[in-house]
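The next block holds one structure in the form of structure tokens; read it before the comments.
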Amino acid sequence: MKITKAEDIIPDAMSKSDGTNKNSKISSFLEIIRFGIKQIRYPRANFPEYDPELHGSLVEFEVPAGFIEVERYWVNEPYSFICILERGNIHRYHLVEPMLTPYEKDILERVYDDLQDILSLGGVNSGKDKESVLMENALMLFNRYHASLELSSTYRILYYLKRNFLGHDRINSLMLDPHIEDISCDGIEIPVFMYHTKYRNIKTNISFAEEELNSLVIKLCQKSGKHISISEPMVDATLPDGSRLQATLGKEITTRGSSFTIRKFRGDPITPIDLINYNTCSIEMMAYFWLAIENGDCAIFAGGTASGKTSMLNAVSLFIPPLSKVVSIEDTRELTLHHDNWIAGVTRKPLNVNSAGEVSMYDLLRSALRQRPEYILVGEIRGEEALTLFQAISTGHATYSTMHAGDVQTVVNRLDSPPLNVPHVMLQSLDVLSIQVQTIVGDKRVRRTQSLVEFTGIDSKTGYIRINELYRWDPVKDTFIRAGDSYTLNKVMVSKGWSKDKLNEELDRRARILKYLSDNNMRDYVRISQVVQAYDANPEDVLNALENDNLEEILERIV
């Protein structure tokens, strides 16, 4: 069947072009399309919803010879699913999407090209959502082409249109997979690699030709509001969903071709209850953080790459008292708090080669100190902002941050050496240091709090920082050992006029609340924040709710 060309669908009465000027003809064509869109709409309300029993399956897949299927799960039902294959004890990540016939591909290409013209003329400026506008215009073009399509074919074509216009092209399903933490494309015709929460580093069945890869990199940067070009071939950006993007264009700085790495953002952030359930730390350790942060003690979370530093920082930040003023400072937005009185600051790259318009971590931190914050969260300290950060700690601001270091001594060495240059005497103002590690327990890669220590001052004889190890992880039993009494909580006890029994009672209360939340799978960050707020306002009511198993009712009444 011959597919009607876009030029052929223009009504004769509307044709104004004499054919002598190509640009004039194109302009006239676009104006006619614009008029046609206003006058003719495919009634989407009459377009039937997909029913697999009536319309059949949209995707088909057979396990390749020599492979064993380990697992299969949907990421965008009924259009795409993931099949985990195994051969020779090596896992493969196989994305399965609808297969198109040559006829369907021809229609898809034609509709895709014409939709770019239509949407660029203002088709998305209506009050409807983008998907509705896209669907209506695509169905209108199907009608005008008089294309003979079964419903299943229409669904498959619409899937690819929505994927390419509204999503992230061929990696869109990877972005939808909740088990993926990182997506990495290393170059032309090289399989995309990912970090899977269950199968760790795994190779996919996706690779890109040079032109396609360059186009995708440019598109990802544009979605992030950034520009990438041969003159500026490196970009660090944040995608609309909050995921972190690092991209390079061309072969000048990456000889295997354009590349990108996406660190996926969790819309539902990790909470203290998640860390307890993962055994990243114990209930007693979380109760300690709750009491310490509530009373304004400062902490740094250190560790290697992907050791869970930022996750720990975000989780314990939920213990900040609900009405306190909080300022966060990050390179790319990762922290998610449920606080109304919160200023979320993000750095900005230079606007030109002269570094004009740059806003650094140091600039944001200096600005934050003028905003009278009670709590300051810094995504990572790595430069001159470290000295300002410790000055803020010394002047009474409760400050929390992360840094790359594998143990306590490395943290101290990095802090008092260039480029951080924090004077040794100022280090004693830090209260708590938590060392995070990524390790193997059994056959699983896990994250653990290796050590939790307190800074207790400077030894007058040696000049070294005195530390008090409070908890340490036992890798043999995969448990946490209490190593000593808390110097930090003793300061809290003295400042509040508590007895030792009162301090232990407060720790026990918080541990009971955390255990209740863990046992009842109440783990979302909004709920945790509400519990902290309710306990801050009426602790006795919250404890009574635990006894009567009606915490939800108390939260609705108090919060």
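Kirkwood hydrodynamic radius computed over the chain comes to 27.4 Å, based on all pairs of distinct alpha carbons. Helix 210-223 and the longest principal axis of the Cα set of the chain meet at an angle near 60°. To test your reading of the geometry: what angle, between 0 and 90 degrees and rounded to tens, separates the Cα axis of helix 130-145 from the longest principal axis of the chain? The angle comes out near 20 degrees. Of all beta bridges that DSSP places with both ends in segment 272-489, some 50 percent have antiparallel geometry. In terms of other Cβ atoms within 10 Å, Arg512, Arg256, Arg263 run from fewest to most in the order Arg256, Arg512, Arg263. For the peptides 213-219, 229-235, 399-405, residues were scored by their other Cβ atoms within 10 Å and the scores averaged per peptide; the highest-first order is 399-405, 213-219, 229-235.
Applied to segment 259-265, the Karplus parametrisation 6.51 cos²θ - 1.76 cosθ + 1.60 on θ = phi - 60° returns per-residue 3J(HN,Hα) values of 9, 8, 10, 10, 9, 5, 9 Hz, with x for Gly and Pro. Summarising the amide proton neighbourhood of Glu71: residues at separation of 5 or more, or on other chains, whose placed amide H is nearer than 5 Å comprise Ile84. 3J(HN,Hα) couplings calculated from phi for segment 418-424 with the Karplus curve 6.51 cos²θ - 1.76 cosθ + 1.60 (θ = phi - 60°) are, in sequence order, x, x, 6, 6, 7, x, 4 Hz; Gly and Pro show x.
Across segment 166-183, rounded Karplus estimates of 3J(HN,Hα) from the backbone phi angles (6.51 cos²θ - 1.76 cosθ + 1.60, θ = phi - 60°) give 9, x, 10, 6, 6, 9, 4, 5, 5, 5, 8, 6, x, 8, 9, 9, 9, 10 Hz, Gly and Pro being marked x.
Quote the relative contact order of segment 272-489 in percent (integer), defining contacts as alpha-carbon pairs under 8 Å separated by 6+ residues. Relative contact order here is 21 percent. The stretch between Lys105 and Ala344, if pulled fully straight at 0.36 nm per residue, gains 81.5 nm over its current Cα-Cα span.
Overall, the chain carries a charge dipole of about 1000 debye about its Cα centre when +1 sits on the Cβ of Lys and Arg and -1 on the Cβ of Asp and Glu, all other atoms neutral.
Of Asp478, Asp114, the sequence from fewest to most neighbouring Cβ atoms within 10 angstrom is Asp478, Asp114.
Return the inverse of the average 1/r over all pairs of distinct C-alpha atoms in segment 272-489, which is the Kirkwood hydrodynamic radius, in Å to one decimal. The Cα-based Kirkwood calculation yields 17.8 Å.
The long axis of helix 525-537 is offset from the longest Cα principal axis of the chain by roughly 30 degrees. DSSP beta bridges confined to the chain are antiparallel in about 70 percent of cases.
The distance between label points at His146 and Asn520 comes to 6.6 nm (points 7 Å beyond Cα on the Cα→Cβ vector).
Read-outs: derived from the displayed coordinates by stated rules, not from any lab. All of these numbers come straight from a predicted model, not from anything done at the bench. Every residue, glycine among them, receives a Cβ derived from its backbone with ideal geometry; neighbour counts consider all protein chains shown.
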